[in-house]
Amino acid sequence: MPPGGRMGGPIMRGFATEEEKAAAPKLTKDLLKRVFSYLAPYWKQLLLVLLAIAISSVLNLMPAILTGKIIDEGLIGRDLKLLIIYIVALLLTNLAANLIGVLESYINTWIAQHITFDMRNQMYSHLQSMSQRFFTSNNQGDIITRMTSDIDGVESVVTNTFKSILSNSITLVFAIIAMFQKNWILALLGIAVIPLFVIPTRKAGKTRWTLTREAQECNDEINGILNEKLSVSGQLLVKLFCKEKPEYEHYRAANEKMVKLNIKERMAGRWFFVVLNTVTNIGPMLLYLVGGILIMKYDSGLTVGDITVLVALLGKTYMPVNSLLNIQVDWMRSMALFTRIFDYFDMPVEIKEPEHPKTPAKLEGCVEFKHVDFSYEPERQILHDICFKLGAGNSIAIVGPSGSGKSTIINLIPRLYDVCEGKVLFDGVDVRDLELAYLRKNVGVVSQETYLFNGTIRENLLYAKPDATEEELVEACKKANIYDFISTQEEGFDTMVGNRGLKLSGGEKQRISIARVLLKDPALLIFDEATSALDSISESKIQEAIDPLIDSRTSILIAHRLSTILAADEILVVKDGRVVERGQHKDLVALGGVYTELYNTQFKRIPEE
Ligand code: ATP
């Protein structure tokens with residue numbers, strides 16, 4: 001029966017396809033070098049572990065050797081004193097091996113924890129440097145898996161795989177040396193059996209590897225489901241569309257697949273242990289037979305104790321050989337883990353810090369778009385030759401049909417994306433030449449979808465300015481027209497906003513986010529007005545908050561309401577990624593173009609008009 005044949009099914013076919021072969025990580029010198037670069041800072045501790053493993057491996061062979069002495073010199077030699085000495089030695093070596101084992105596992109765990117600590121931090125910081133494009137196009141489940149189970153896997157590589165390779169190799173070498181020292185004929189005989197279990201072990205290993213990979217993919221899928229469907233918005237959608245049952249079934253199916261894969265992986269090659277056990281029993285049988293013949297028929301000098309020692313040592317060689325062969329899977333799995341992690345590390349940082357970042361003394365918030373083209377994906381251009389200029393202290397309202405590219409235009413200012421052609425200038429300097437943190441500090445965005453962290457109102461506000469005083473908080477909230485609301489709350493600034501701020505109304509969230517931006521005090525204020533309808537009281541409260549802000553600083557407003565549009569100095573009309581009209585409200589209405597249509601269909605109906 002082929003390995004895994006018992007289980008059957010398409011998964012149990014080892015490296016059946018070229019694709020699967022290709023998915024096995026390529027063990028290159030560079031990969032190994034890179035893996036070891038994470039171990040390098042802990043070389044002193046590693047040396048200690050190595051020493052501990054070497055000592056305990058040798059100590060673990062001692063019982064086998066001492067047993068021979070107990071039999072020959074103590075029992076057969078009838079020497080009670082020697083018998084007691086050897087028994088005490090046996091006890092002491094056992095105790096010493098265990099104590100060293102404790103020390104070794106402490107240092108080992110320490111190293112593993114520190115390596116994963118370094119990796120997690122590096123990954124988090126790398127992910128933070130990834131562009132918006134990365135987060136919009138990658139599955140959140142994958143990102144979380146990389147941060148959690150992949151890096152956790154690295155810990156087990158260090159604590160188990162590396163340790164196992166080291167200790168098994170050392171035990172194997174010492175056991176073989178000890179066997180040859182006792183009797184080379186019997187040593188050769190015992191070792192001759194080893195190739196018999198190499199082939200099935202390798203085959204079982206390949207099957208397990210394929211299953212491991214499938215389990216990993218399944219894990220990604222489950223993480224993705226949990227992330228999407230158990231999020232606040234996901235659950236809202238599920239509930240409102242009564243999708244609980246199909247979603248449960250979807251999750252259950254993925255979960256079931258995982259269970260099956262896990263069982264298959266654990267069981268892969270179990271049958272072959274039957275073969276293995278038989279083979280490992282053949283070795284000692286041969287040793288007893290040939291050893292007996294050597295004692296009885298030839299004057300070989302062999303003793304009963306020697307044969308006992310050789311049989312015990314043989315067991316000590318089979319065990320590490322078997323483990324080392326099985327480690328092949330762990331090793332491949334570890335390398336696959338590292339490859340997956342390194343793939344993430346190697347993703348280029350799209351929005352790069354300039355080589356010589358500029359930090360002008362004072363920014364006034366002037367913005368100029370010069371012939372800007374932009375596309376999210378190569379085949380679909382979103383913005384075409386956008387040109388406009390916004391002077392210091394002025395304000396521009398960008399209007400246009402949904403999907404015309406308004407949000408895309410403002411995304412280019414704080415460099416959430418970089419232009420494909422042309423330039424975006426901030427106070428006359430190309431945004432790509434400004435220090436990134438400096439640029440973003442000077443651009444305040446109140447976005448359409450307000451995001452508040454799960455915490456108190458105070459914590460959310462302090463996110464913009466951690467050292468803000470109580471007075472500053474109150475002032476910002478008053479300006480943003482939210483202070484009255486906060487003061488009516490029992491807990492005031494310490495009111496919890498709930499997951500994503502969902503304990504607050506849309507209007508309250510918007511005004512808190514305006515207060516948050518005010519605390520940041522940016523040179524340029526971008527306000528992406530919510531398209532969702534707020535009641536007229538909420539709207540007017542927001543309007544009251546933003547009117548003075550627009551007057552006092554350079555601002556860009558993506559406007560959906562006439563009152564906001566009228567508050568701006570100039571109106572820019574965008575359609576299909578192009579600026580098609582610009583000017584003042586009266587002129588644009590008279591033009592009879594896109595703006596007039598928008599006015600007639602959207603703005604005119606707003607009661608404030
Ligand atoms: P709205 O008023 O509805 O918010 P908008 O004018 O702000 O719309 P944008 O959000 O700028 O429009 O989108 C412009 C176009 O770019 C749309 O067709 C949209 O599908 C596309 N788009 C937006 N974000 C992405 C993205 N991350 N990846 C790919 N395409 C995108």
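Residues in the stretch 120-135 that are within 16 Å of the ligand (Cβ to nearest atom) and touching a residue at least 60 places away in the same chain (Cβ under 8 Å): MET130, SER131, GLN132, ARG133, PHE134. Do the conditions hold for ASN442, that is, is it buried (at least 17 other Cβ atoms within 10 Å of the Cβ) and under 30 Å from GLN602 (Cβ atoms)? Spelling it out, it is not the case that ASN442 is buried (at least 17 other Cβ atoms within 10 Å of the Cβ) and under 30 Å from GLN602 (Cβ atoms).
Is it true that GLY428 is more than 16 Å from the ligand (Cβ to nearest atom), in contact (Cβ under 8 Å) with a residue 24 or more places away in the chain, open to solvent by less than 40 Å² (accessible area, probe 1.4 Å) and in the same structural domain as ILE558 (by TED's automatic domain parsing)? Full working, then the answer.
Details: more than 16 Å from the ligand (Cβ to nearest atom): yes; in contact (Cβ under 8 Å) with a residue 24 or more places away in the chain: yes; open to solvent by less than 40 Å² (accessible area, probe 1.4 Å): no; in the same structural domain as ILE558 (by TED's automatic domain parsing): yes.
So GLY428 fails the test.
Restricting THR109, THR136 to those that are touching a Phe, Trp or Tyr at 6+ places or on another chain (Cβ under 9 Å), over 30 Å from VAL279 (Cβ atoms) and either open to solvent by 40 Å² or more (accessible area, probe 1.4 Å) or not in a helix (DSSP H, G or I) (or both) reduces the list to THR136.
Is at least one residue of the stretch 388-398 among the hydroxyl-bearing types (Ser, Thr, Tyr) and either near the ligand (Cβ under 10 Å from one of its atoms) or more than 16 Å from ASP528 (Cα to Cα) (or both)? No, the stretch 388-398 contains no residue that is among the hydroxyl-bearing types (Ser, Thr, Tyr) and either near the ligand (Cβ under 10 Å from one of its atoms) or more than 16 Å from ASP528 (Cα to Cα) (or both). Of all residues in the stretch 11-24, at least one satisfies being open to solvent by 70 Å² or more (accessible area, probe 1.4 Å), of a type in the set (Lys, Arg) and either at pLDDT below 85 or outside the structural domain of VAL102 (by TED's automatic domain parsing) (or both). Can you name every residue in the stretch 555-589 that is touching a His at 6+ places or on another chain (Cβ under 7 Å) and either away from the ligand (no atom under 12 Å from the Cβ) or assigned to a strand (DSSP E or B) (or both)? Once the filter is applied, which keeps residues that are touching a His at 6+ places or on another chain (Cβ under 7 Å) and either away from the ligand (no atom under 12 Å from the Cβ) or assigned to a strand (DSSP E or B) (or both), the stretch 555-589 yields ILE565, LEU566, ILE571, ARG578. Might you check whether a residue that is surrounded by fewer than 19 Cβ atoms within 10 Å (Cβ to Cβ) and of a type in the set (D, E, K, R) occurs anywhere in the stretch 308-329? No, because not a single residue in the stretch 308-329 is surrounded by fewer than 19 Cβ atoms within 10 Å (Cβ to Cβ) and of a type in the set (D, E, K, R).
Can you confirm whether ILE482 is within 16 Å of the ligand (Cβ to nearest atom), more than 28 Å from the chain's Cα centre (by Cα) and either closer than 20 Å to GLU364 by Cβ or not aromatic (Phe, Trp, Tyr) (or both)?
Working: within 16 Å of the ligand (Cβ to nearest atom): no; more than 28 Å from the chain's Cα centre (by Cα): yes; either closer than 20 Å to GLU364 by Cβ or not aromatic (Phe, Trp, Tyr) (or both): yes.
Answer is no for this residue.
Pairs linking a residue in the stretch 347-376 that is touching a residue at least 60 places away in the same chain (Cβ under 8 Å) and open to solvent by 20 Å² or more (accessible area, probe 1.4 Å) to a residue that is within 16 Å of the ligand (Cβ to nearest atom) and of a type in the set (Phe, Trp, Tyr), with Cβ atoms under 9 Å and 6 or more positions apart or on different chains, are MET347/PHE134; GLU350/PHE134; GLU350/TYR417; GLU368/PHE388; TYR376/TYR417. Under the condition of being within 17 Å of TYR451 (Cα to Cα) and not in a helix (DSSP H, G or I), the residues counted in the stretch 221-242 number 1.
I'd like to know if the stretch 262-285 contains one or more residues that are closer than 30 Å to ARG146 by Cβ, touching a Pro at 6+ places or on another chain (Cβ under 9 Å) and either outside any helix (DSSP H, G or I) or among the basic types (Lys, Arg) (or both). Steps first, answer last, please.
To start, the set of residues in the stretch 262-285 that are closer than 30 Å to ARG146 by Cβ comprises 262-269.
Filter once more, so that each one left must be touching a Pro at 6+ places or on another chain (Cβ under 9 Å): 268-269.
Applying the additional criterion that residues be either outside any helix (DSSP H, G or I) or among the basic types (Lys, Arg) (or both) yields 268-269.
Yes; the residues of the stretch 262-285 include at least one that is closer than 30 Å to ARG146 by Cβ, touching a Pro at 6+ places or on another chain (Cβ under 9 Å) and either outside any helix (DSSP H, G or I) or among the basic types (Lys, Arg) (or both).
For TYR318, the conditions (1) in contact with a Ser or Thr (Cβ under 9 Å, 6 or more places away or on another chain); (2) within 16 Å of the ligand (Cβ to nearest atom); (3) of a type in the set (Ser, Thr, Tyr) all hold with the exception of (2). Taken across the stretch 326-348, residues that are in a loop (DSSP other than H, G, I, E, B), within 30 Å of LYS406 (Cβ to Cβ) and at pLDDT 85 or above do occur, with at least one present. Number of residues in the stretch 53-85 that are of a type in the set (Asp, Glu) and either touching a strand residue (DSSP E or B) at 6+ places or on another chain (Cβ under 6 Å) or part of a helix (DSSP H, G or I) (or both) equals 2.
Filtered by the rule that a residue be under 22 Å from GLN216 (Cβ atoms) and not aliphatic (A, V, I, L, M), the stretch 110-134 gives THR116, ARG120, GLN122, TYR124, HIS126, PHE134. Picking from residues in the stretch 404-425 that are of a type in the set (Gly, Ala, Ser) and open to solvent by 20 Å² or more (accessible area, probe 1.4 Å), the one that is nearest to the ligand (Cβ to nearest atom) is SER407. Residues that are assigned by TED's automatic domain parsing to the domain that holds LEU566, under 18 Å from GLN448 (Cα atoms) and out of contact with any Leu (no Cβ under 7 Å at 6 or more places or on another chain) are absent from the stretch 372-381. Could you go through the stretch 509-518 and let me know if any residue there is within 16 Å of the ligand (Cβ to nearest atom) and polar (S, T, N, Q). Within the stretch 509-518, one or more residues are within 16 Å of the ligand (Cβ to nearest atom) and polar (S, T, N, Q). If you go through the stretch 170-205 and pick out every residue that is crowded, with 16+ Cβ neighbours inside 10 Å, at pLDDT 80 or above, assigned to a helix (DSSP H, G or I) and not β-branched (Val, Ile, Thr), you end up with 10.
The values are calculated or read from the model by the stated rules, or taken from the named source; none is laboratory data. In this text, all values refer to a predicted model and were calculated from it rather than measured experimentally. Positions of Cβ are backbone-derived with ideal geometry, glycine not excepted, and every protein chain shown enters the neighbour counts. These area figures cover heavy atoms from the full protein model, side chains too; ligands, DNA and RNA do not enter into them. Shrake-Rupley method; radii C 1.70, N 1.55, O 1.52, S 1.80 Å.
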